[in-house]
1. Can we say ALA406 is in contact with a Leu (Cβ under 9 Å, 6 or more places away or on another chain), surrounded by fewer than 19 Cβ atoms within 10 Å (Cβ to Cβ) and closer than 21 Å to LYS338 by Cβ?
2. Taking the conditions exactly as written (at pLDDT 95 or above, part of a strand (DSSP E or B), hydrophobic (A, V, I, L, M, F, W, C) and crowded, with 19+ Cβ neighbours inside 10 Å), does ALA243 satisfy them or not?
3. Kindly provide the set of residues from segment 144-188 that are closer than 30 Å to ARG95 by Cα and of a type in the set (S, T, N, Q), ordered by number.
4. Scanning segment 541-557 for residues that are out of contact with any Asp or Glu (no Cβ under 8 Å at 6 or more places or on another chain) and either at pLDDT 90 or above or surrounded by fewer than 18 Cβ atoms within 10 Å (Cβ to Cβ) (or both), which turns out nearest to ASP480 (Cα to Cα)?
5. For LYS552, state whether it is part of a loop (DSSP other than H, G, I, E, B) and either in contact with a Cys (Cβ under 9 Å, 6 or more places away or on another chain) or not hydrophobic (A, V, I, L, M, F, W, C) (or both).
6. So, LYS465, is that one among the charged types (D, E, K, R), farther than 30 Å from GLY394 by Cα and modelled with pLDDT of 85 or more or not?
7. Would you pick out the residues in segment 330-372 that are under 23 Å from ALA385 (Cα atoms), in contact with a strand residue (DSSP E or B) (Cβ under 9 Å, 6 or more places away or on another chain) and of a type in the set (A, V, I, L, M)?
8. Just the residues that are surrounded by 22 or more Cβ atoms within 10 Å (Cβ to Cβ) and touching a Gly at 6+ places or on another chain (Cβ under 7 Å), please, taken from segment 67-90.
Amino acid sequence: MKTMIVPCICFALFIPESAVSGGIQSNENSSKIQDMVVTATMTEKRIKDAPGSVEVITEQEILEMNADTVAQALEEATGLLMTTETGRMMRPSIRGTGNKHTLVLMDGRRITSGFKDLTGLEQIPVDMIDHIEVVRGPVSALYGSDAIGGVVNIITKKPSKALTMGGTAKYGQSTYGDGDEAAASAYVGNSMGRFGFLVAGGYRNKDGYDMDGVTPDDGDAIGMKSAGGRFSYQLTQGHDLLAGFEAVDRNFNGLRDLQNLDRGRDTNDRRLNYFLEYDGKIAPESSLMLRANRSWHDNEITIDPPTSEIIGSIGDESNAERTLDQLEGRFTSLVMKKHLLTMGTEYLKESREDDTDLDDSVETLSIYAQDEYRIFDPLYMALSARWDHYSDFGSEWTPRLSMTYAILDNLRLKGAWGMGFRAPGFLELYIPTYMSQGKVIYEPNAGLEPESSQSYEIGIQGEYKNFQAGLTCFKTDIDDLIEAVYYTSTGSGKNKKDYYQYQNIAEAAIWGVEFECSLKLPAGFTLSGNLAYLDTEDKTTGEKLEGRPDYKGSVKLAYAYLPLGIRANVRVTHIGERYYADEDQDRMTLVDAYVSKDVTDRFQIFAGVDNLFNSGKDNYEEPEFFYCGIRFSY
């Protein structure tokens, strides 16, 4: 593979300048660096004015990370750790709160959970993504349950106003000559009078690999097909309809050590989301949004040879179907020229069925309101509150107050206080969860209570010429935190099994510091990075919370020379030591590199390497991986 990449890059780098007329900068032009964000307040704000801590991951950054999925696109985000869950699912944990305390949205819409009540972000491709907004800190006051740590909002592209099309194809393999991957994606969009559309699709095939020859396989064979579409229609000026869908069919298989025997595990995950939305300007300073959304997920798991019946009559996760139905209405209006009021209501119904005919559903009715008020010119305040009534868990209400004070035009002080909550999941209450190929068992607890949190943060952000930076301190106290608590082990060596049970820890405390900066250097170089320090405590035991690294940081040195259409970067990510009751997980440092060259204004070649020094093998990181590809646009 290395012998393929080097000639490919050398060929492109020495193409005469006259062959290049601007490069494939349409990617950057069609998805400009995001100055505006919507997730923090549900209304458009400049990122420097948005309350709280907000990070934007642009389409260009996603391309230059070689990210095929949302999970890969988030790996370098500030204060966010991608954690490996059961079935090798990837989930985000923001500020150490845990993988079930980050709410994942798609254009503000909820998506149903998947296997083991988790939404694996490795199952969501980047085919239609315009950018990703990450809000750190509790946002339950706007979005309800699960947003204790924060929100990841995947913002997709909208129908285009003119003909646009493009595609990408790439191939790669690990340094060991296995784990071959081929991937391709394409999109096309146009408008015809009042009607506009954008459709996209992708395909990914990755071979499995096993570095040590011992079960389980280190990497599964993966096949993923995806499609998505957006369709817009302008009813009248200022009144628009938008419909869309996302469909993913993903298969992965490999060997597992289950019940002390090597077994093949074959999994099919299918996901379909579709929605219809109305956006209208019903008065010069008032707008209305109405939306109906449905999200469906189905998984089928085959074990060969089959395992013995270990779950029994309380539920079967091997063949389960989940649906989420969402109805939402939101009204926004400027009142007395100083108050931007947002009011909304939401109805959710989540259902689950499995092969044992154990059906379950939960309904939620919610009401929320927010007042954005510029008290005086430098001081902006946002006050929000939400009430949620659950058919199974009663009612919860969550307020939030955030403020931004402009000390100077280029220097801001931000502060926030907020409450959050998360209702226990169905599996936490009733069904055992088998992780790490059956070597770790999480036992349910029907007596669990909802979690609740209270968080504080204060930070300062600013820019000066080519330098910008931000420093934020935060503290989160969680009551009745639901954690899988280790209590015993059986067997030894290959036959060892660790047993955990979900419990409400009486109180947990998390505090930390986040630092972000960026500096434009001479000759087309940019140096940027982030660092997050985290300290946690289970106040019942006095121990740290499991799986939270003390440090996580990233540094990127990027280079761009647009007259020749050259882009390159080297990225270093460090994840500190993580505490576990049985054995701590060592720190690791990952190095990635990328380079691209515009051959013409419509055609680009690129290449790179992930995990350059083959780090983190004991932490289930993929081995050193080389890739190259082509990209075109029109």
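The values are calculated or read from the model by the stated rules, or taken from the named source; none is laboratory data. Since the structure is predicted, the reported quantities are computational estimates derived from the model, not experimental observations. Reconstructed Cβ throughout: ideal geometry from the backbone, glycine too, with neighbour counts over all protein chains shown.
1. Details: in contact with a Leu (Cβ under 9 Å, 6 or more places away or on another chain): yes; surrounded by fewer than 19 Cβ atoms within 10 Å (Cβ to Cβ): yes; closer than 21 Å to LYS338 by Cβ: yes.
Answer is yes for this residue.
2. Details: at pLDDT 95 or above: yes; part of a strand (DSSP E or B): yes; hydrophobic (A, V, I, L, M, F, W, C): yes; crowded, with 19+ Cβ neighbours inside 10 Å: no.
Spelling it out, it is not the case that ALA243 is at pLDDT 95 or above, part of a strand (DSSP E or B), hydrophobic (A, V, I, L, M, F, W, C) and crowded, with 19+ Cβ neighbours inside 10 Å.
3. Going through segment 144-188, the residues closer than 30 Å to ARG95 by Cα turn out to be 144-157.
Those that are closer than 30 Å to ARG95 by Cα and of a type in the set (S, T, N, Q): SER145, ASN153, THR156.
4. First, the residues of segment 541-557 that are out of contact with any Asp or Glu (no Cβ under 8 Å at 6 or more places or on another chain): 541-542, 547-548, 551-553, 555, 557.
Filter again for either at pLDDT 90 or above or surrounded by fewer than 18 Cβ atoms within 10 Å (Cβ to Cβ) (or both), leaving 541-542, 548, 551-553, 555, 557.
Values: THR541: 14, GLY542: 15, ARG548: 18, TYR551: 25, LYS552: 26, GLY553: 30, VAL555: 36, LEU557: 42 Å.
By that ranking, first place goes to THR541.
5. no
6. On the way: among the charged types (D, E, K, R): yes; farther than 30 Å from GLY394 by Cα: yes; modelled with pLDDT of 85 or more: yes.
So LYS465 fits the description; yes.
7. LEU334, VAL335, LEU340, LEU341, MET343, LEU348, VAL362, LEU365, ILE367, ALA369
8. Correct list: MET90 only.
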